[in-house]
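Heads up: the structure comes next, in structure tokens.
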Amino acid sequence: MNSQATHPAVMTEADTCRELVTPKIVESGWSTSPHSIGEQRSITNGRIIVAGGKVRRGKQRKPDYLLYYRRDFPLAVVEAKELGLPAETGVQQVREYAEMLGLKFAYATNGSRIIEIDYLIGTEQQVERYATPAELWQRLSGAAAIPETAEPHLLEPFNLVSGKVPRYYQQIAINRVIESILLGQKRILATLATGTGKTCVAFQICWKLWNSRWNRTGEYRRPKILFLADRNILVDDPMAKMFAPFGDARHKISGGDTSQSRDMYFGIYQSLSTASEDVFRQYRPDFFDLIVIDECHRGSARDTSSWRAVLDYFTPAVQFGMTATPLREESRDSYNYFGNPVYTYSLRQGIEDGFLAPYRVHRVITSVDAAGWRPSKDELDRFGRAVPDDEYQTKDFERVVALRARTKAMARHLTDFLKGTDRFAKTLVFCVDQEHAAEFRQELVNLNSDLVKQYPDYVCRVTADEGTIGLTHLGYFQDVDKPTPVILTTSQLLTTGVDAEMVKNVVLARVVGSRSEFKQIIGRGTRLKTDYGKEYFNIVDFTGTATRHFADPEFDGDPAQIEEVIIGPEGETVETVVEPTPGIAEPEAEYVVEPADGDAEIITDPPDEPRKFYVDGGEVEIIGHLVYDLDTEGKKLQVASYTEYSGRAVRSMYPSRDALQSAWSNPDTRVEVLRELTERGISFEELAAASDQPDADPFDLLCHLAWNAPLLTRRQRAERARKAAQDLFAQHGETARDVLSLLLEKYVERGIVQFSALSELMKVKPFDRYGSPSEIAARHFGGVKGMKDAVSRLQSALYQ
């Protein structure tokens, strides 16, 4: 109590930290070095919020203090509140930080009192001082049963040569995997969403173990590590870039080159096990200490997989699997083989933290996808074959029957979409097969001939058939400084392993039944590149795939907005409807064959002949525009207009009009209302346009949409406020009354937001004729406080 009595109660949080908190932390043995005490370090970037066509960042998560045992190994988090508040005020917040960061120790303080939270034993109690670094480490290592001899491997610093410090969730994944290895676990799994840096996690794990000379046998030597995947692109890119610090210790196993003198090996299953021999058997079963399996859900963990023999042969090695796929039927083999993940970082969390791009979903429906297609009597296909009389649905198109008119309509709509947004926005089109990708490309070329004339590679197909040429196109597509190719059509080759940060449009021209594949495809667009204007991306869905997957309550990444567009025979948007469109059938099982070559595609065509029928005639229209949003639980998609969504959002925030009015009329609490509305994607400019009420006050518009309250224009509100505030006007002289009247006029012109920048507003005409803001306050309102009080009362009068 004495400590608190010697300090003024008006100390701010910053004063409290500087004068009280930091000295006490240092007294407990924590060095003032930034490697020991990290102050106000942002651990997230802040969610990207798209509202009214404008993009802004949400609030960053920034703990007051992180306490490090070593440079890259935090032990505790501290949340400080100003001296005048109880220390308990920071408990909930510091708990959130500790659980988010995977820390076992947390402290809440007001500079005088210290509350320690110990997750190891489940206690929360007041303490006299902060624990020392050695004390916390002893408690942590004792509870985790980490042998003393293993500590150097866990505490080995990250390799930061690239300048990129691992993000908080990557650090958790790295440390948990290494801790599991040191505790003797033989099979380990980590689940991280596509685009969140699994390769970075793998590199730092390998580096820490390699540089600290960990190995299975406990000898003093560097470990032998194998980085294993199923496609060349998944090993070549990491080997050349992320793993470059390993230098000459790197080696790729290919073409029978089975050098055994290196430490860091890279390989694909197809090179290790060919049709003629099992190359992997040229290494002893105990040769590798650690095997890292990238995209482990793609088959190697299946009991029946031919690739499983590689993992079985190297059973003595620790096997670490990485996947972006949470536990579902299609990923069950991975979880059965590796066990539950030691850490999971979801797509939803990546978007919430601002590390992944949010997305808008445009559901586009053709007439044949909505109602089905049936051939006319005795209809023949392109090759003179009779098309079987049947009702064909979305799942059948381009697999059983190919409708050229449908492809044309989709290509025309995509072209119009790009013309209305950005014709040089990098776009990936996922087609049913290579043939469909070629046809889609041809239609896009003809529809964009004005650009193709100037840029011959404006549209390219990248499938297994293109080989080296296709990979060259892909390389240029990935290069942020090369304008073309802009559009790539593909089927399976680009669903995974393609790091293209500038993808702004992901187009689904085929049904994607597999949840894991769908998330991989969506992952092509989730990478951010804000310095190049990539802050969110669009999913243009022609098959209902996105709408169906997003409606699944187990999906872990919600869309920012979903629109359903119906287009006509020329690909144009023709109307807006408000009912869900029936007839989008569930996909049939895909026919998956493991590729014999690392860059081959997965075959998804039914094997029976005839492979498909080709119908070149007829017309296909694109038929409507629906806007979807999520229900109050953030799960189920519902059909709604923007105005309906906004009204429902307001009702979820405030139980009544009076509750909203109470928060809105107070300038201080109104800031919080506006912040929360913005985070929910509500823009007053867009809302006024959507409801055709450009003169309405934002408060009245919200109440009208939420509770059907009468609408008032800003002019009407201003006149009411002038009458309600007669006593306010009477208390001041003529100039002050003129200033208050001008503020009301500015409100009529610009709305309530003008009050939030009052000092700037009063520097310009017509206010400047009365002097500067400080002069106006001093001469006519009795000082700054008097003017603030008068303006606050004026605002309250507006909403009486």
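Please treat every number below as a calculation from the coordinates, not as lab data. All values reported here derive from a predicted model rather than from experimental measurement. Using ideal geometry, Cβ is built from the backbone for each residue, glycine included, and neighbour counts are taken over all protein chains shown.
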Q) When the scattering of the range 1-149 is computed by the Debye formula from its Cα atoms alone, each counted once and equally, what is log10 I(q)/I(0) at q = 0.09, 0.16 Å⁻¹? A) -0.31, -0.87
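Could you tell me what % of all Cα pairs in the range 61-186 have separations over 22 Å?
When all Cα pairs of the range 61-186 are counted, 38 percent exceed 22 Å.
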Q. Using a simple spin-label model with points 7 Å from Cα along the Cα→Cβ vector, what separation in nm is obtained for residue 793 and residue 668?
A. 1.8
Q: Apply 1/(1 + (r/R0)^6) to the Cβ-Cβ distance of residue 385 and residue 438, taking R0 = 22 Å, and write down the FRET efficiency to the nearest 0.05.
A: 0.60
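Please find the FRET efficiency linking residue 676 to residue 729, where r is the Cβ-Cβ separation and R0 is fixed at 30 Å, and quote it to the nearest 0.05.
Efficiency at R0 = 30 Å is approximately 0.35.
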Q | Compactness of the range 427-531 - radius of gyration and Dmax, Cα, Å | A | 13.1, 39
(Q) Please compute, for the alpha-carbon atoms of the range 389-484, the extent along each of the three principal axes and give them in descending order in Å. (A) 50, 32, 19
Q: Net charge near residue 654: determine it from the other residues with C-beta under 13 Å of the C-beta of residue 654, scoring Lys and Arg +1 and Asp and Glu -1.
A: +2
Q: With the convex hull built on the Cα atoms of the range 680-762, state its orientation-averaged projected area in nm².
A: 6.5
(Q) Expected output is a single nm value to one decimal: the length gained when fully extending between residue 129 and residue 711, i.e. 0.36 nm times separation in residues minus the C-alpha distance. What is it? (A) 203.7 nm
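If packing is taken as the mean number of other Cβ atoms within 10 Å per residue, what is the order of 688-697, 15-24, highest first?
Working: 688-697: 16.3, 15-24: 18.5.
Ranking, from highest mean packing down: 15-24, 688-697.
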Q: Normalise the Cα radius of gyration of the range 412-465 by 2.2 N^0.38 Å (N = residues in it) and let me know the number.
A: 1.10
Q) If you project the alpha carbons of the range 180-232 onto the principal axes, what extent comes out on each, in Å, largest first? A) 36, 24, 19
Q. For the range 653-713, with equal point scatterers placed on the C-alpha atoms only and solvent neglected, what are the log10 I(q)/I(0) values from the Debye formula at q = 0.15, 0.29, 0.30 1/Å, to two decimals?
A. -0.42, -1.41, -1.43
Q: Using only Cα positions of the range 108-151, each an equal point scatterer, no hydration layer, compute I(q)/I(0) via Debye at q = 0.14, 0.16, 0.21, 0.29 Å⁻¹ and quote the log10 values to two decimals.
A: -0.41, -0.51, -0.75, -1.08
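What do you get when you divide the Cα radius of gyration of the range 645-800 by 2.2 N^0.38 Å, with N the number of residues?
1.08
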**Q.** Simple spin-label estimate for residue 661 and residue 446 in nanometres, 7 Å along Cα-Cβ
**A.** 6.3
Q. If you average over every viewing direction, what projected area does the convex hull of the Cα atoms of the range 147-255 give, in nm²?
A. 7.7
Q) Of 59/763; 62/519; 419/529; 24/164; 198/529; 62/164, which pairs sit farther than 27 Å apart, going by alpha carbon to alpha carbon? A) 59/763; 62/519; 24/164
Q.
As an exercise, take the mean of 1/r over every pair of distinct alpha carbons in the range 73-133, invert it, and state the Kirkwood radius in angstroms.
A. 11.4
Q. Using the per-residue mean of other Cβ atoms lying within 10 Å as a proxy for protection, in what order, highest first, do the peptides 703-711, 766-774 fall?
A. 703-711, 766-774
Q) Which residues' amide hydrogens lie under 5 Å from the amide hydrogen of residue 254, considering only partners 5 or more residues apart or on another chain, with H built in the peptide plane? A) none
(Q) Please compute, over every Cα-Cα pair in the range 345-413, the percentage with a separation greater than 20 angstrom. (A) 49
Q: Grab the Cα-Cα distance for residue 768 and residue 419, subtract it from 0.36 nm times how many residues apart they are, and report the gain in nm with one decimal.
A: 121.1 nm
Q: Distance between Cα centroids, the range 416-490 to the range 671-736: provide it in whole Å.
A: 48
**Q.** Packing-based ranking, highest mean first, of 384-391, 173-180 given that Cβ atoms within 10 Å are counted
**A.** 173-180, 384-391
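Counting pairs of Cα atoms in the range 174-315, how many percent are more than 21 Å apart?
That tail contains 40 percent of the Cα-Cα pairs.
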Q | Cα-projected label distance for residue 453 with residue 284, points at 7 Å along beta-carbon direction, nm | A | 6.9
